[in-house]
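The block underneath contains the structure these notes are about, expressed in structure tokens.
The values are calculated or read from the model by the stated rules, or taken from the named source; none is laboratory data. Just so it is clear, the structure is predicted and the values come from calculations on it, not from any experiment. Neighbour counts are summed over all protein chains in view; Cβ atoms, including those assigned to glycine, are modelled from backbone coordinates with ideal geometry.
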Amino acid sequence: MMLSSSLKEVINSLRNGSIQSKELCEKCIRRVQKTRELNSFITETLDIARSQASESQARQLSGSSLGILDGVPVAVKDNFSTLGVQTSCASAILKGYVPPYNATMVQRLLDQGAVMMGKTNLDEFAMGSGSLDSVYGPVRNPWKYTFQNYEANKQDDLNKQSLRFSNKGNSANHKNNIQSESIKNSDSTNGQNGSSGIPEDMDVSDTRSEECDWYVSGGSSGGSAVAVATGTAFAALGSDTGGSVRIPASYCGVVGFKPTYSLLSRYGLIPLVNSLDVPGILTKTVDDTVIMLNVLAGHDVHDSTTMTDPYKPVLAVDFPEKISLKGLHIGIPKEYHAPGLASDVLSAWDKAADLFEAHGATVSEVSLPHTRFSIVCYSILCACEVSSNMARYDGIEFGHRAQNADASTEALYAASRHEGFNDVVRGRILAGNYFLLNKNYDTYFIQAQKVRKLISEDFACVFSVGVDVLLTPTTLTGAPKYSWYKREDNRTRTEQQDVFTQPINMAGLPAVSVPASLSDEGVPIGLQFIGPMFSEQKLLTVARWFEQQVHFPRLSLDGILGDL
Amino acid sequence: MSHTLGRYRRFTSNFQCSYSVYRALTRALHHGQRLSQNARAGWETVVGLEIHAQIASHSKLFSGAGTQFAAPVNNQVSFLDAALPGTLPVLNRRCAEIGVMTGLALGCHINRESRFDRKHYFYADLPQGYQITQQRQPLAEKGEIPYYFFVANDMKSPTKLSARIHHIQLEQDSGKSLQDPEQNMSLIDLNRAGMALMEIVTEPDFRSGEEAAAFVKELQLILTTIGACSGVMAEGAMRVDATVSVNKVGEPISTGVRVEIKNVNSIRGVAKAIEYEFSRHISLLEKGEKIANETRAFDAENVETISMRDKEKVHDYRFMPEPNLPPLRIYDNQTLSSDLSPDQVINVDEIRSSMAATPEERRLALQAKYGLSLEHCQTSEGTEDFFTAVMNADTTRDIAIVYQLLFSILLSFTNEHKIPVDKSPVDIVKFGDTVDLLCSKRITYQVARNIFHQYFEAADNRPVEQMVDEEDWWIITDKTLIEEHCKKLMAESPKKVKNHKKGYRECGFHKAIVVRTQGRADPVLARQVVEENMGKFVKKK
């Protein structure tokens, strides 16, 4: 029961004493252990969580509190730096890298007394939309998932558990062992070589029976979305560069929020594309997102791109049913009727538009003519920044350093980087270096920046004529199956998956994916609301209204896994 | 003694004509003549400079780490400097202000918006894999500074030249690598990584190594005067790259193949490296060989340049805008709006009004206030303050005597002892007292020299008047006494008397009288007495 609660509900329970931090933490730990086969965590920080919960409980008993999140279990995507805890970006090159500092987002959570359950899985360096291309193996969507391995692994888990907890501070290493074992046991497709190098005819779908197939969690913040959906954490940090928070939120049936660029600090977030990256929030409800946003937002001296004006907290909507939609103008971008849009998604979209109209909002079709150039534009800008950002991974100061490659500094670089990066990362580095060559710079980089400006102006234009919020699907389809997803490589899938989410990053706008309904297959479909810069208050109010109208069924694993 | 007298006379004549000499020289040394003057056997060289000056700030350009020289290895390294993932650069405001100040001192236009770029290359002491610099929109552009060039063997008459500044950019310094070939290892010290540099790029405005060196010296003086850089080249605080090309006289300049000399770290080195390169080019060109477009290092010990990189290896730095830094905006009194907090913005007008005067401004002020000639404004460190202090103590003092005594006599002692003038044992009081005795004609210049000699060489600490009194150094103005000396000389050297009177050669008895009185005889009176007794010397044609 408790683990299906929203963040807001669990905060209330902690406040009124119906549950205490340690008990809540233990419940989440049990859930973490029971859902291991979903592979949502790279590093479980259960020992840290226990001690944080214990401290929180002591505060609770003495009547003090660090803040609204005191005692609340949260999860952090493994590309946010965490003091003393491995931060791997799901890449071999950062295996064993333990940052000496906390990302600002992590620090702000800890300052509020939050309890950190672990570091969640992602696509290597957040490059992907499926959370499949992780050196630690793919993340699985809990929706319609058969926990077939749970009973079999139960005893095994308990053995490892005692080992892990008896060895404080070393949990990362143990977890690595477990992961590599589980990769061998249950999924042979991922390993050091990265999944995209595996020929199609060797795909796991061929060696697995159809019943063993499962739904993709979406990416790249798949681990965080699964953690929230399964109740191992009541909120999670993700990062969104082209849809990496909203896509897994849509597939896993949770709320995924990408704030306005500059509202949340990127300090300590290991970058993918600096000019597009934003920390994102994954929660079960829109109210929960508001709580998290108000804790996280505001200027950070460590990030010169954060806004310097004081942050005005978003006010939560206590009675969403009483919100009047009179005067609200919802825009429906016609270009989002894209090829490949599933009929059940289209239907959910149409219904939502009708719902708004029926309640007094103005709904009209708008045009974002340059949206279709977003994917190609993104692929250039992304590759350029990736090639630059990845230059620091040379195995000298930190991270993976190749053995027996000391013929020269160059040989050491080459070997370390070859071993450390998967094909997707290497491909983007190569492309980016090509685009940035002096002779190509104008043709590619400058041109892409111009196109980015056009995409951005499309949105500005639509908002300037009175549209308050745009309503679009988050993804083309409901969560796809793993076997289907792996038929194409990372690049192809990313280009398909990011089509509705990426233009928003180009323009730096806030957007939120809210679960709307279930697909024909019974997996979640999310819809996306997009607002102008710094329109968080209105955007989240509209999302909140929509959320309470649709009564989306929250995933409960209590029956399947049992609640303690 | 006669040697000393000779020096004394030369100074006197120089003092009288120096300004007109300077004017004449600057008129004569216009562009074409400068070229031919420095050309060798029909060849001429064109030189442009890039000077990397470390900004004298307490912390690095984008991090809070310290900037002390010779700190323990890897002890001034922030997470950013080690390029830990997720760290972000935050511009150190002080560095930007110093950049603006330098731009103003070098007569540059300060761009109201400048940007940072990433310059990529792999090197072990560059942890980020790129340097943050200002490739496309630098902080300051289009400056010009005058500097003074001393023609060889004439240290008295500087030529005023001018060099244009192409731009000034802010950028990060790299770390340091130490190669251990025996163990096949590189050792890395990141203390310097991320320190703030200004790269000052000139136009190719130099025609010789000496000119370039004179410019660097002036630049060093400017940067230290305004407090932008320590200027200590031995510590790497200023490092010079020179681009040298050589062409035939008469051909358009800069048509020769350009060669870059990297990291020269002394002013003499700048002159020597360029002159070496000039000669090397000529000897290759005269043999009909081609000059390789390459980068060379200067070996100060062997006074030669050595090829550093393979000429075929073209570096493409894959410049890209730094996405984590907003544009650097500079405001002025007009553009400063009230909603901007003054402690958050950089105001160019405020910097201009609070910065120290540049050496050139101080020279011009001296010229205007005291009518000093340019060469006397070309002063070493502290001289100007010393001069001003002496004058301020008594404004009625004869300027001509003050600077004659300062530049001709005191500086010859301080230079010999290699100490700055403000550390001289002749302090402002002793110097002023000496000036006053000269002004009231109670001692001669030769005696003044003797007084200073006592202070410098004999650790004498008596007040000036007491010393003169006790040593009996007062001026001899007794005409009878001088006449006695004159008559005696005439009796000793009848041949000189004959030559003088017939107009063959001047007898020079007035100098001899000064010598025989240990410098005490009034030189003007001595000359007058000699003329009265021997007649005025008229050279026979």
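Assorted remarks:
- Scanning the range A:530-559 for residues that are assigned to a loop (DSSP other than H, G, I, E, B) and over 23 Å from A:Val366 (Cβ atoms) yields A:His551, A:Phe552, A:Pro553, A:Arg554, A:Leu555, A:Ser556, A:Leu557.
- Residue satisfying all of: in the range A:85-113; surrounded by 18 or more Cβ atoms within 10 Å (Cβ to Cβ) and among the β-branched types (Val, Ile, Thr); nearest to the other protein chains (Cβ to nearest Cβ) among these: A:Thr87
- The residues of the range B:67-93 that are farther than 20 Å from A:Pro271 by Cβ and crowded, with 16+ Cβ neighbours inside 10 Å, listed by number, are B:Thr67, B:Gln76, B:Val77, B:Asn92.
- Single match in B:Val426, B:Val435 (criterion: touching a residue at least 24 places away in the same chain (Cβ under 8 Å), surrounded by 20 or more Cβ atoms within 10 Å (Cβ to Cβ), within 29 Å of the chain's Cα centre (by Cα) and in a loop (DSSP other than H, G, I, E, B)): B:Val426
Table: residues versus (1) in a helix (DSSP H, G or I); (2) at pLDDT 95 or above; (3) surrounded by 21 or more Cβ atoms within 10 Å (Cβ to Cβ).
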{"position": "A:Asn173", "(1), (2), (3)": "yes, no, no"}
{"position": "A:Glu211", "(1), (2), (3)": "yes, no, no"}
{"position": "A:Val226", "(1), (2), (3)": "yes, yes, yes"}
{"position": "A:Ala229", "(1), (2), (3)": "yes, yes, yes"}
{"position": "A:Ala236", "(1), (2), (3)": "no, yes, yes"}
{"position": "A:Pro248", "(1), (2), (3)": "yes, yes, yes"}
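- Some residue of the range A:460-471 being free of Cβ contacts under 8 Å to residues at least 60 places away in the same chain, surrounded by fewer than 22 Cβ atoms within 10 Å (Cβ to Cβ) and touching a helix residue (DSSP H, G or I) at 6+ places or on another chain (Cβ under 7 Å): no
- For the range A:406-420, a tally of residues being within 9 Å of chain B (Cβ to nearest Cβ) and either more than 25 Å from B:Pro181 (Cβ to Cβ) or modelled with pLDDT of 90 or more (or both) returns 0.
- The residue of the range A:70-84 that is farthest from the other protein chains (Cβ to nearest Cβ), among those that are within 22 Å of B:Ser78 (Cα to Cα) and surrounded by fewer than 24 Cβ atoms within 10 Å (Cβ to Cβ), is A:Gly84.
- Residues (surrounded by fewer than 22 Cβ atoms within 10 Å (Cβ to Cβ), assigned to a loop (DSSP other than H, G, I, E, B) and of a type outside the set (A, V, I, L, M, F, W, C)) located in the range A:401-425: A:Arg401, A:Gln403, A:Asn404, A:Asp406, A:Ser408
- Single residue of the range A:367-400 satisfying the filter (assigned to a loop (DSSP other than H, G, I, E, B), touching a residue at least 60 places away in the same chain (Cβ under 8 Å) and within 12 Å of chain B (Cβ to nearest Cβ)) that is surrounded by the fewest Cβ atoms within 10 Å (Cβ to Cβ): A:Gly395
- Subset of the range A:337-358 (residues that are touching a residue at least 60 places away in the same chain (Cβ under 8 Å) and either in a loop (DSSP other than H, G, I, E, B) or touching a strand residue (DSSP E or B) at 6+ places or on another chain (Cβ under 6 Å) (or both)): A:Ala338, A:Gly340, A:Leu341, A:Ala342, A:Val345, A:Ala348, A:Trp349, A:Ala352, A:Ala353, A:Phe356
- Residue match in the range B:471-484 (condition: out of contact with any Lys or Arg (no Cβ under 8 Å at 6 or more places or on another chain) and surrounded by 21 or more Cβ atoms within 10 Å (Cβ to Cβ)): yes
- Here B:Gly175 meets the list (1) in contact with a His (Cβ under 8 Å, 6 or more places away or on another chain); (2) within 14 Å of chain A (Cβ to nearest Cβ); (3) of a type in the set (Gly, Ala, Ser) almost entirely, failing just condition (1).
- Within the range A:68-115, being on the phi > 0 side of the Ramachandran plot and at pLDDT 95 or above holds for A:Gly71, A:Gly84, A:Cys89, A:Ala90, A:Gly113.
- Residues of the range B:97-130 classified as in a loop (DSSP other than H, G, I, E, B) and more than 11 Å from chain A (Cβ to nearest Cβ), total: 6
- In the condition set (1) part of a helix (DSSP H, G or I); (2) modelled with pLDDT of 95 or more, A:Leu3 is compliant with all but (2).
- Subset tally (residues that are more than 14 Å from every other protein chain (Cβ to nearest Cβ) and in a loop (DSSP other than H, G, I, E, B)) for the range A:426-465: 1
- Within the range A:295-312, restricting attention to residues that are in contact with a Leu (Cβ under 6 Å, 6 or more places away or on another chain) and either more than 19 Å from A:Asp111 (Cα to Cα) or outside any loop (DSSP other than H, G, I, E, B) (or both), the residue that is farthest from the other protein chains (Cβ to nearest Cβ) is A:Leu296.
- Test result for A:Gly268, buried (at least 20 other Cβ atoms within 10 Å of the Cβ) and of a type in the set (Gly, Ala, Ser): yes
- Near pairs, Cβ below 8 angstrom, 6+ apart or cross-chain, from the range B:83-96 (within 11 Å of chain A (Cβ to nearest Cβ)) to any residue that is surrounded by fewer than 21 Cβ atoms within 10 Å (Cβ to Cβ) and part of a helix (DSSP H, G or I): B:Ala83/A:Arg392; B:Pro85/A:Arg392
- Scoring A:Thr474 on the criteria (1) within 18 Å of the chain's Cα centre (by Cα); (2) of a type in the set (S, T, N, Q); (3) surrounded by fewer than 24 Cβ atoms within 10 Å (Cβ to Cβ) leaves a single failure, condition (3).
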